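Q: One structure, as structure tokens, below. Some questions next.
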Amino acid sequence: MKGDWVEIVVDAGDTTRTYEMAATRAGRRVETQVRRGVVEVSEVTRNGSAVRTARFMATRVLALVEHPVPREEASEAAA
């Protein structure tokens, strides 16, 4: 959903670096996958094609924080 974003903190030797990946348009979402020693964060469209992808070595990733946009509950939206 537009506004969702993921924050990735990576060990860069003597310091840390922070990267952010966000869903920039309506209908897009941010997906994270960890496989074969690689953390992959992608902005994905409704039909599943990746728009942007960031890849990091899993051994270097210190934190992976997902920040979803607050969503209204169905009972609040109906009122």
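Q: Out of curiosity, is Val34 part of a loop (DSSP other than H, G, I, E, B) and at pLDDT below 95?
A: Details: part of a loop (DSSP other than H, G, I, E, B): no; at pLDDT below 95: yes.
Answer is no for this residue.
Q: Do you know which residues across segment 35-49 are of a type outside the set (D, E, K, R) and either surrounded by fewer than 13 Cβ atoms within 10 Å (Cβ to Cβ) or over 19 Å from His67 (Cα atoms) (or both)? Step through it out loud before you land on a result.
A: Residues of segment 35-49 of a type outside the set (D, E, K, R): 37-39, 41-42, 44-45, 47-49.
The answer is Gly37, Val38, Asn47, Gly48, Ser49.
Q: Any idea which of Arg52, Arg71 is open to solvent by 50 Å² or more (accessible area, probe 1.4 Å) and outside any loop (DSSP other than H, G, I, E, B)? I'd like the intermediate steps shown before the answer.
A: Details: Arg71 fails: outside any loop (DSSP other than H, G, I, E, B).
Result of the check over Arg52, Arg71: Arg52.
Q: Still on this structure: Among the residues that make up segment 1-15, is at least one of them in a strand (DSSP E or B), free of Cβ contacts under 8 Å to residues at least 24 places away in the same chain and surrounded by 13 or more Cβ atoms within 10 Å (Cβ to Cβ)?
A: Looking only at segment 1-15, we keep the residues that are in a strand (DSSP E or B), and these are 5-11.
Subset that is free of Cβ contacts under 8 Å to residues at least 24 places away in the same chain: none.
No - not one qualifying residue is present in segment 1-15.
Q: Of the residues Ala54, Ala58, only one is at pLDDT 90 or above and in contact with a Phe, Trp or Tyr (Cβ under 9 Å, 6 or more places away or on another chain); which?
A: Ala54
Q: Kindly indicate whether any position in segment 23-30 is assigned to a strand (DSSP E or B), among the small types (Gly, Ala, Ser) and surrounded by 12 or more Cβ atoms within 10 Å (Cβ to Cβ).
A: So in segment 23-30, the residues assigned to a strand (DSSP E or B) come out as 29-30.
From the residues that got through so far, the ones that are among the small types (Gly, Ala, Ser) too are none.
No, segment 23-30 contains no residue that is assigned to a strand (DSSP E or B), among the small types (Gly, Ala, Ser) and surrounded by 12 or more Cβ atoms within 10 Å (Cβ to Cβ).
The values are calculated or read from the model by the stated rules, or taken from the named source; none is laboratory data. What you see is a predicted model, and the numbers here were worked out from it, not measured in a lab. Quick reminder, even Gly has a Cβ in these numbers, built from the backbone with ideal geometry, and neighbours come from all protein chains shown. Side chains included, ligands, DNA and RNA excluded: accessible areas come from the protein's heavy atoms. Shrake-Rupley method; radii C 1.70, N 1.55, O 1.52, S 1.80 Å.
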